[in-house]
Each structure stands twice: as C-alpha cells, then as structure tokens.
Number of protein chains: 2
Amino acid sequence: MINGIEEKQFKTVEGGVCAAKGFKANGLNCGLNKDKNKNDLGMVVSDVLCNAAAVYTTNKVKGAPLLVTKAHLETMGGKTRGFIANSKNANTCNADGVAKAEMMCALAAKATGVKPEEMVVASTGVIGEILPIEPIAEHVEELAAGLSPQNHHKAANAIMTTDTVMKEIAIEFEAGGRLCRMGGMAKGSGMIHPNMATTLNFITTDAAVSPGMLQKALGDVVKVTYNCLSVDGDTSTNDCVLLMASGLAGNDEIVSEGEDYEVFKSALYYVMMNMTRMLAKDGEGASKLMECTCDGAPDLETAIIVAKSVIRSPLVKCAMFGEDANWGRILCAVGYAEADFDIDKVDVDMSSAGGRVAVCRSGAGVAFSEEEAAKVLAADEILIYIHLHQGEASAKAWGCDLTYDYVKINGDYRT
Amino acid sequence: MINGIEEKQFKTVEGGVCAAKGFKANGLNCGLNKDKNKNDLGMVVSDVLCNAAAVYTTNKVKGAPLLVTKAHLETMGGKTRGFIANSKNANTCNADGVAKAEMMCALAAKATGVKPEEMVVASTGVIGEILPIEPIAEHVEELAAGLSPQNHHKAANAIMTTDTVMKEIAIEFEAGGRLCRMGGMAKGSGMIHPNMATTLNFITTDAAVSPGMLQKALGDVVKVTYNCLSVDGDTSTNDCVLLMASGLAGNDEIVSEGEDYEVFKSALYYVMMNMTRMLAKDGEGASKLMECTCDGAPDLETAIIVAKSVIRSPLVKCAMFGEDANWGRILCAVGYAEADFDIDKVDVDMSSAGGRVAVCRSGAGVAFSEEEAAKVLAADEILIYIHLHQGEASAKAWGCDLTYDYVKINGDYRT
C-alpha cells in the first residue's frame, strides 16, 4: 500500500487519451515551432460533457492558461468538453496572457461547436514571450476537422517540448460490472520538481465518476506519483494535470468511497505512476531512470521526504551518470532530508537488472565488490533502497541522472 | 545594512590565517593523496590558548571530526590551541570514525606539546571509506616542526579538494584603539548548499573577544554569508567554520555589544563574504560567479529565501552558462520560493561589467536588446537584481553556473 493506494497490475491497451469511449484528438504544426515535422498545437474533445478534476503548479508565477482553465472549470461546476494545448510558448508572464488564453478557448470552442467556457487550455514552452495568436487562429479549423480517435499520438506529439519520446499509456479496468478504460498523455522533461502537479498531463476515462470523487482521487494519486518526481528541482509555472471522465462506460457513477472507487484509484495510480516513470526516464539529458524506495519510515511524509531527497541530489545524480557506487552521497542526501528520524539505523542498497549490492548498514559502510556494483550501475534503470528501520511506511520517488546533455539542452533553450 | 551588519571596506593584508598575531601554520603531503604535489594534511596552532567559536553542518549525518571538535571545545569551555585537518577522506560513516578523529587530535597535540583536548580536528573528502591513521602518524612530527607564520598557504593547500584555487584572505581593523587583524582560509567546492556552516572554513584573529561574543558574531554572519551560498544544493556532512581569537592585539576584550563589537562583526562579515564569493566563483566546474540581490522584501527571511531560490535553480544556472537571457527562469525561481509575497510587483534586472539590462517589470517581461543582454552575460561575474517592492529588507546570495565540468567532476569523484 502506498498512501492507502493498492498497487495493482492492469492490462494495457492501445489508444492513449482516445482509448476511453467518447474521446477524439488531433495535433498539427501551426507554425509556433519552426520544425514543420513537430506538432505544436493539439486538441482533445469529448462527445459528451465530462466530469473533470485538475491540479495546478504551486509556483506563485502561474501561467495564464492555468488561470483560465481554473475559471472555466469553476464556471462549469467541474465539467468540460475538452482542451486545446500548445507547445513552444508558455503564455506566461505576459500582460496579455489571460486574454490570449481566453482566445484559445474561444477559437477551439467555435471550431468544435461548444461554448468557450466548456473548453480549457494549456501552454508550455518559453516564459515571457508574447504568444502570437494568429498561427492558432489560422489552424484551429483544420485541427478540429481532423479530430479522431486514431489521432491521439498527434496530440501527444503536440505537447512535447524537449521530450525525446512520446508519453502515452492506456489501460482497462472494471468498475460496477462494466469494462472501463483510462488513458493518458504527458510531456516533460525539464523544470520538473516535486510539490507541484508537474508538467502537462491529460488523462481521460469513460468511467462515470463524480467531479468530487475525481478531484479526491487525483489529489491522492498526484501526491505519490508526479509530486514524487524530480528532474532538476525547478517547479514550473505551467504544470497542470487534467482528468476527464466521460461516463460512457455505463457504470453507476462513483459518488463515494467503496470498492469501485478503490479500483478507480488503483487504475489512476497505475496510469500516473507509469507516466511518472516515463517522465523521469526521459528527463532532460537523462541516460538512466532512478527510482528510490524508502521503507521502514515512521510515517508516509517521512518516507516521501527521504525518497525525494535522494532523487533530487545533484551529486547522487552525477554519480549515477558516472556509474560510481559513491553511496556516501546517498546517505548524505538522506541525512539532510528535513524529517525526524535516527540516521544510525539506516540501510542502503542499490539494485538493477545487473544485480543487487548492499552498501550501508546501520548508517555505516559495509564492504562490497566494486565489480558487482559496476554491474548494477551499468543498467539504465537504477533502484536505490533506503530502509530506515523505524516504522512501517513506504514511498517511492523517481528521477534521472545528471548528464552533460542536461547542461547542453538548458544552456541554450531559447535559441 | 544586511541583517544588522554594516557593510564596510577594510584594508587587505598578506598572511592568510597567520596574518593575526600568534598563529603559525603548516601543510604537507602525507600520502592520503597520491599526488605528491598536493598537500593533504594541515595544521594551525596559536602561541596562546584562544577563545573559539564554531558552527557545524545541519546534516543528520555528521562527520566524526565534527563530533570530536564539538566535544573538545565544550570540555575546554570554548577555548582551543589549534586544529589539524586532512583532505581526501572525510572520516564519516565509519564505525571507527570518532576514535580516528581523537587519534588525530592526540597526535597533533603530542607533536606540538599541548593537551589532546586543546586541539580540534576537521576532515574532508570521500564519505564512508576508513581513514588510514598511519600516514598521519608518520608525518605529524614533520608537520609540527614546520609550523611558521609564513606557511599559511601550505595549510590552505592541504584542505583543498576539487578546488582549483586556494582561498585565503586577511584584513586589518581597529578595535579598542588597537590595530587588529583577521585572516581566513576555506575550501569548496561541491556539496555546498545553504542552511549549513558550509565547507571547511578557518578564521583567526588577534582581537580579544569573549567566547560568547565570538559565537554570537559567527552565528549572525554565517546566516548572511556561507548560508547564502549554494553550489549544488547538497548540504555536506562535514561542514565546519572555526573562529579562533588569540587576543594578542591587546585590545580590551569585547564582552558585550557596542562599538568595538560592531566593528568586529563588520570585519568578520567582510572576511566571510569574500570567502563566500571565492567559494561560489570556484564552485565545481563553475565558469561564472552568480550573485543575486533581493531588495524591497517585507523582511530579511523573505529576502534570503528569494535570493537563494534564484541562485539554486539549475535552469537559471544552465542559462548563465549558456549566456542566455532566459529571465523567465529567474522569475520562475522567485515564484517557487517558499515565502509570502506578491509576484505581480516583482522587477528583475541583470548586470555585470558588461552593462545592465532590465528584463521584467511588475511580473511581466519588458522589451530588451538581446545584444546588450549578451554583453552583460559574457562577463564572468553576473549580478541578478530582484526588487519585490513590498518592504525594506535586502539580502544577497551567491552561486555559480552549472557546466559540463560539474557533471564531469562528479561523475567519477572517487576514481
């Protein structure tokens, strides 16, 4: 159990954000991105009004699209028909930001025949440059005309920035005796840090769930997935997770806690945890996925804080890149985690497809084979185990190594 | 005024930690470091018993030398004769760490003819590897025999790890009608982050100051100097600042607040602020010093939190390395600073020897010349100004850019 969520396996299916009944998507290049082979404008629309839930960045600087999305969801009582999203420009820290975000919703609504307040919006890219609305206005009809359940990958491509791989997932689950589906798409891959809703993430399901229970499930799951992800320690201004439920699976609407809600929450955890891993693995410049498990913590908060502290440490990240079993840096990061526990009981192991090696017991180093450690660290997914031996709580956090390419990518992002 | 400390200019003099009356130093290679041209063992001893003050890392993992130093200072009622220090091995997370640190004090005391508890100790280097005591035992007599006021640079060299330049400073000031001196040496240059005493720093003075007033001054000044320095966000296990006052300048001992105390505190600020800048500029892999000033804050804490948040941001650090005027990342880092203020009033400027450019007013971007910005960012010391326009408090923080070399250095530190 992770924060009261049962970790279950689900059957994956094709279809991304269109796997669930009622959703169509599309994406294209409207010219914000000079690379014509890269989409920069995407849209996902539901055949019916969906119940929705969203979480937003905790940064004081909030992208204008987030403000508009929040307002529209409030106006609609937690319901939406879909969203329009662009990459290459964050539409943030601009005097006309809210007006431009409202225009995007109005354009998308007109092209799809819904009301402006039934659409929400998200933007990602450079902060502080005026968003040109013309390329969007000129292409929104074409975008809407191409909406189709087959075009989920075009939308997933449209939200990518420095991502090197598209991030999509879809699964099946059963609720109220009905087969339901849930799918998601996400973009990374820098300015990613715990304590936010992290990046742009869109999740669709055909399960019928009330807005209140959607928001509750999303809040609980975000805490132990996206909020346990750190690529570089920078909390972005435009992070948003949007969850839409069309209800077309035909189950009795989930309006309270119970068996169906638990299944739904486990499915949501599966989708979001897997997207978290994809985001970590494709972190800017990353060559390795790092997963840190903290077991034996006195409480969940402590487990989360410790696991995040290890994942975030630049020195640990560099050591992973260099495949250097410098475990002292791991214990150091455990030691400066801002939580209350006894450091002298801590054990540390490192493992991967290459094996497992114990490096620290009761806060002190133990002899280990450098050869075996090298085998462990040569893999592209490294698992770090911390056992505090002072309780029963567990948590995981995800991140990546720190490489030359991270510096290269971020040394000249705007050019 | 920075936290009640007046920023004054002082005359710098030669001599490092031996500039003040009564101090002798030495350093040599005892074999911990295989590079025979690099010292790894250093010692500073006073002719007389000194009043002393110290601050230590806030990491739960505390190096054994820190525990021994703390115990010896307590036993001696805040007095010491000197210290022995080594690099290459941190003597931390080892079962025999305290015993080895005690041995180092005992060896140094025997070689200099003082009591073991009159000596303190510091170590820096790899965590979790057993410290071999033999090389130290075999060379401590030679080390003591070479103690001289001329050999301050040999001691400064002995504490360097990945530092590329030696860090020493000394100044003159007047207290109680007497000419006093104060000198310091420090080592960087990774695992450096706010909220600690940062790295190894040793400061000597011949001013007469009571242990209590020494500790008070050190605590106040650390808060706005070393604790406002971040190289990589990792808080080390072995950080320690030791301040020793021989009293040989002959002034009436400073035992309470007043004019002499204020001058002493300003002198200490000058020494520690300059060493902070040296540490930032020589941060692992750094090509540029970054200084962030936050003005117009409602209180000092807010000013410190905001300035540190900017200095710490990996994305800002990469942008500085790439000489990219991506100011949105600066505002983003201001936005996620954990303090209470209105982001919509914030101004941001960037300046250097190459000029000054305004990039953000009232939380929104303003047009600026990319050419002028490029000139500003081409310099090797970049100043970032944040004005919150919601109070009178100011603070500064120091850091450096994030470069390929940081990753290179930390990818294979142990080898």
What residue, of A:Tyr404, A:Tyr385, is within 11 Å of chain B (Cβ to nearest Cβ) and closer than 19 Å to A:Ser313 by Cβ? A:Tyr404
Is at least one residue of the stretch B:367-379 within 20 Å of A:Gly97 (Cα to Cα) and either touching a Lys or Arg at 6+ places or on another chain (Cβ under 6 Å) or within 13 Å of chain A (Cβ to nearest Cβ) (or both)? yes
What are the residues in the stretch B:105-154 that are closer than 26 Å to B:Cys93 by Cβ and small (Gly, Ala, Ser), if any? B:Ala106, B:Ala108, B:Ala109, B:Ala122, B:Ser123, B:Gly125, B:Gly128, B:Ala137
Using the structure shown, decide if B:Leu402 is open to solvent by 10 Å² or more (accessible area, probe 1.4 Å) and among the hydrophobic types (A, V, I, L, M, F, W, C). yes
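Conditions tested, residue by residue: (1) open to solvent by 50 Å² or more (accessible area, probe 1.4 Å); (2) in contact with a Leu (Cβ under 8 Å, 6 or more places away or on another chain).
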{"site": "A:Gly363", "(1), (2)": "no, yes"}
{"site": "A:Ala367", "(1), (2)": "yes, no"}
{"site": "A:Glu372", "(1), (2)": "yes, no"}
{"site": "A:Val376", "(1), (2)": "no, no"}
{"site": "A:Leu383", "(1), (2)": "no, no"}
{"site": "A:His389", "(1), (2)": "yes, no"}
Identity of the residue in the stretch A:275-301, in a helix (DSSP H, G or I) and open to solvent by 10 Å² or more (accessible area, probe 1.4 Å), that ends up nearest to the other protein chains (Cβ to nearest Cβ): A:Glu301
Of residues in the stretch A:188-218 being in contact with a strand residue (DSSP E or B) (Cβ under 8 Å, 6 or more places away or on another chain), modelled with pLDDT under 80 and among the polar types (S, T, N, Q), the one surrounded by the most Cβ atoms within 10 Å (Cβ to Cβ): A:Thr198
Name every residue in the stretch B:27-37 that is part of a strand (DSSP E or B) and either open to solvent by 20 Å² or more (accessible area, probe 1.4 Å) or not aliphatic (A, V, I, L, M) (or both), in order of residue number. B:Gly27
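Could you tell me whether any residue of the stretch B:305-323 is of a type in the set (Ser, Thr, Tyr), open to solvent by 20 Å² or more (accessible area, probe 1.4 Å), in contact (Cβ under 8 Å) with a residue 24 or more places away in the chain and part of a helix (DSSP H, G or I)?
Looking through the stretch B:305-323, none of the residues is of a type in the set (Ser, Thr, Tyr), open to solvent by 20 Å² or more (accessible area, probe 1.4 Å), in contact (Cβ under 8 Å) with a residue 24 or more places away in the chain and part of a helix (DSSP H, G or I).
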Exception for A:Arg312 within (1) more than 9 Å from chain B (Cβ to nearest Cβ); (2) out of contact with any Leu (no Cβ under 9 Å at 6 or more places or on another chain); (3) charged (D, E, K, R) falls at (1)
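Here are some residues: A:Val68, A:Val98. Which one is touching a residue at least 24 places away in the same chain (Cβ under 8 Å), β-branched (Val, Ile, Thr) and away from chain B (no Cβ under 14 Å)?
Testing whether each residue is touching a residue at least 24 places away in the same chain (Cβ under 8 Å), β-branched (Val, Ile, Thr) and away from chain B (no Cβ under 14 Å) leaves just A:Val68.
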Among the candidates B:Leu107, B:Leu131, B:Leu147, which residue alone is more than 24 Å from B:Thr205 (Cβ to Cβ), open to solvent by 20 Å² or more (accessible area, probe 1.4 Å) and in contact (Cβ under 8 Å) with a residue 24 or more places away in the chain? B:Leu107
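Considering only the stretch A:236-250, I want to know if a residue exists there that is among the hydrophobic types (A, V, I, L, M, F, W, C) and open to solvent by 10 Å² or more (accessible area, probe 1.4 Å).
Checked against the condition, which is being among the hydrophobic types (A, V, I, L, M, F, W, C) and open to solvent by 10 Å² or more (accessible area, probe 1.4 Å), the stretch A:236-250 yields at least one hit.
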Is it the case, given these coordinates, that A:Asp40 is open to solvent by 10 Å² or more (accessible area, probe 1.4 Å), among the acidic types (Asp, Glu) and more than 21 Å from A:Lys216 (Cα to Cα)? no
Of residues in the stretch B:324-366 being β-branched (Val, Ile, Thr) and part of a helix (DSSP H, G or I), the one farthest from the other protein chains (Cβ to nearest Cβ): B:Ile330
Options B:Val366, B:Val348, B:Val357: the member that is more than 23 Å from B:Pro298 (Cα to Cα), among the aliphatic types (A, V, I, L, M) and touching a Phe, Trp or Tyr at 6+ places or on another chain (Cβ under 7 Å): B:Val357
When the stretch A:1-26 is checked residue by residue, the ones that are in a loop (DSSP other than H, G, I, E, B), charged (D, E, K, R) and within 14 Å of A:His153 (Cβ to Cβ) are A:Glu14
The condition of being open to solvent by 10 Å² or more (accessible area, probe 1.4 Å), in contact with a strand residue (DSSP E or B) (Cβ under 9 Å, 6 or more places away or on another chain) and at pLDDT below 95 holds, among A:Lys62, A:Lys24, A:Lys70, only for A:Lys62
Subset of the stretch B:73-95 [within 14 Å of chain A (Cβ to nearest Cβ), charged (D, E, K, R) and surrounded by fewer than 21 Cβ atoms within 10 Å (Cβ to Cβ)]: none
Could you look through the stretch A:234-255, keep only residues that are closer than 19 Å to A:Cys18 by Cβ and outside any strand (DSSP E or B), and pick out the one that is farthest from the other protein chains (Cβ to nearest Cβ)? A:Gly250
Residue list for the stretch A:42-60, restricted to those being more than 19 Å from the chain's Cα centre (by Cα) and either of a type in the set (Asp, Glu) or assigned to a strand (DSSP E or B) (or both): A:Val45, A:Ser46, A:Asp47, A:Val48, A:Leu49, A:Cys50, A:Asn51
Here is a list of conditions, (1) over 21 Å from B:Leu67 (Cα atoms); (2) modelled with pLDDT of 95 or more; (3) among the β-branched types (Val, Ile, Thr), and B:Thr164 meets all of them except one; can you say which number that is? (2)
Within the stretch B:52-65, residues under 24 Å from A:Asp347 (Cα atoms), touching a residue at least 24 places away in the same chain (Cβ under 8 Å) and within 14 Å of chain A (Cβ to nearest Cβ) come out as B:Thr57, B:Thr58, B:Asn59, B:Val61, B:Lys62, B:Gly63, B:Ala64
Let me spell it out: the conditions are (1) at pLDDT 90 or above; (2) of a type in the set (A, V, I, L, M); (3) in a loop (DSSP other than H, G, I, E, B), and A:Ile386 meets all of them except one. Which number is the exception? (3)
Which residue is farthest from the other protein chains (Cβ to nearest Cβ), if the candidates are limited to the stretch A:219-232 and must be over 14 Å from A:Lys396 (Cβ atoms) and crowded, with 24+ Cβ neighbours inside 10 Å? A:Val231
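The values are calculated or read from the model by the stated rules, or taken from the named source; none is laboratory data. All values reported here derive from a predicted model rather than from experimental measurement. Methodologically, a virtual Cβ is constructed for each residue, glycine included, from the backbone with ideal geometry; neighbour enumeration extends over all protein chains shown. For the accessible areas, the whole protein counts, side chains as well, though only heavy atoms, and no ligand, DNA or RNA atoms are used. Shrake-Rupley method; radii C 1.70, N 1.55, O 1.52, S 1.80 Å.
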